[in-house]
Amino acid sequence: MTQHTTAWRTTWALLGFMLVNFADKAVMGLAAQPIMDDLGLTREEFGTASAAFFALFSVSALAMSYLTRKVPTTVLLLVLALLWAAAQLPMLWSAAGFGTLVATRVLLGAAEGPATPLATHHLHGWFEQRERTLPTAVLLTGAAAGVAVAAPTLTLVIDRFGWRWAFGVVGLSGLVWAGYWALRGAEGPYAPGSPGSPESKDAGTVLVPYRRILLSGTWLSAALGAFAAYWMLSAGLTWMPDYLEEVAGLSLHQAGTVVTLAALANGVVLVGHGLLARRRTRPPLGAGTGALMCLAAGAVALFALTDAVWLKVLLMLGPMALANVIMTVAQTACARITPAPQRGAVLGALAFVYALAGVLSPLTVGRIVDTAATVEAGYRAAFLVTAALLAVTGLLAVWRLRPEREDGGWRTEDPTRTGRPGPSTRLQRPRADQERPAERQHNRRRRPPGNRRREAS
């Protein structure tokens, strides 16, 4: 089997990993009413159990990603999948109640926080830098595909077997994936420490201080842009069905269909962008990504202000989905400016920032709606806030997202592949005052007589 085939087999396996990841997240919302009825929970108690998922989400994303410098990502991904199963399967026990639900959600959040950065880091170990955009886009479609696949499948399970078996199905799915990964998972040729990685080809690779990477214009603009996109995604997953029913006047079935189509549109945008980026001779730059975010911001603002339902649906399926491009570009840009041994930790820090939007966005939108004069006015204000956030971070990406200018200080890759040598690969002739006496005398003998007469004078 060729390296290219194995790389793409790994990509599809990690897409399955992300599908299970988002199915784990979706099961709580899909089974909300049966859980509250069976356990006798109030909406506030159910909200507490749902929020428990994010208790350790961002912290674990940062902490476990740092372990990639010491532990192979193949092992870490296997551990995450086993933890997912351990967090879901206890709910099959008929005596498992509110306390068990909260504890398992905390464990699940801690195990799912590092999922995206670790999967991305492992995937980049299978592809050269210029080829990473498309597989990264395929990986991130797991979010859209997870919603589209999990919603009808788990709803059917809940209707026929009860809500506890919905947790059981996703837990068993995690075990199945873990079994496959234990047999077929492997580190890629471009992973840190592998023979094909840049640092293995040149022992002179220099590790960069983390503050230099995390305070760079590329990392900051990528992190804030991803935060804005994740803000819109989280707000949509939590509140869009309610908005479409209460404000747009759609039925529950119609609202669910629109949300599913919007998730699929997000996936199409990510893959389409990856295919276009693959045709470029250079990785995508920040200006184009920032422009797409600004276009999405305009679409969100129009979505909030228009009363035409057909236009709202078209905006959801088209321009609003363009904001998700920053999620792919942020991953590849941050990976590009980071030495491979530090890539996992830097991607974990990126996930730490944008995952905060998963906590803040639903709470902020809910508070805006609750304090407004009407539900419609509250949602309009919330969507305009989202539009402003996308516009500001989009302009920041246009200005500062420049990975092609910030990736040369440490890189030691073969100049024939990168097109230009980095500073660590340039050969510089020593100055005359640095030459040893024997070398200076040898060089003096080789100079033409005319040059020696001029030097003597």
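General remarks:
- Using the Cβ-Cβ distance between Thr260 and Lys70 with R0 set to 45 Å, the FRET efficiency from 1/(1 + (r/R0)^6) comes to roughly 0.65.
- Accessible area of segment 54-172 belonging to carbon and sulfur atoms, whole % at 1.4 Å probe: 72
- Contour minus Cα-Cα distance for Arg160 and Leu207 (0.36 nm per residue): 11.4 nm
- Excluding ligands, DNA and RNA, the accessible surface per residue across segment 101-143 is 17 Å² with a 1.4 Å probe.
- Candidates per trypsin sites (Lys or Arg not before Pro) in segment 32-103, loop by DSSP, up to 16 other Cβ within 10 Å: Lys70
- Accessible area (Å², per residue) of segment 252-341, counting only protein heavy atoms and a probe of 1.4 Å: 40
- Counting only protein heavy atoms and a probe of 1.4 Å, the accessible surface of segment 217-265 is 68% carbon and sulfur.
- Placing a label point 7 Å from the Cα of His4 along the Cα-to-Cβ direction, the residues of segment 134-167 whose backbone N falls under 16 Å of that point are 134-135.
The values are calculated or read from the model by the stated rules, or taken from the named source; none is laboratory data. Remember, it's a predicted structure, so these values are computed and weren't measured experimentally. FYI the Cβ positions are ideal-geometry reconstructions off the backbone, even for glycines, and counts take in every protein chain you see. Keep in mind that these areas ignore ligands, DNA and RNA; they rest on the heavy atoms of the full protein, side chains included. Shrake-Rupley method; radii C 1.70, N 1.55, O 1.52, S 1.80 Å.
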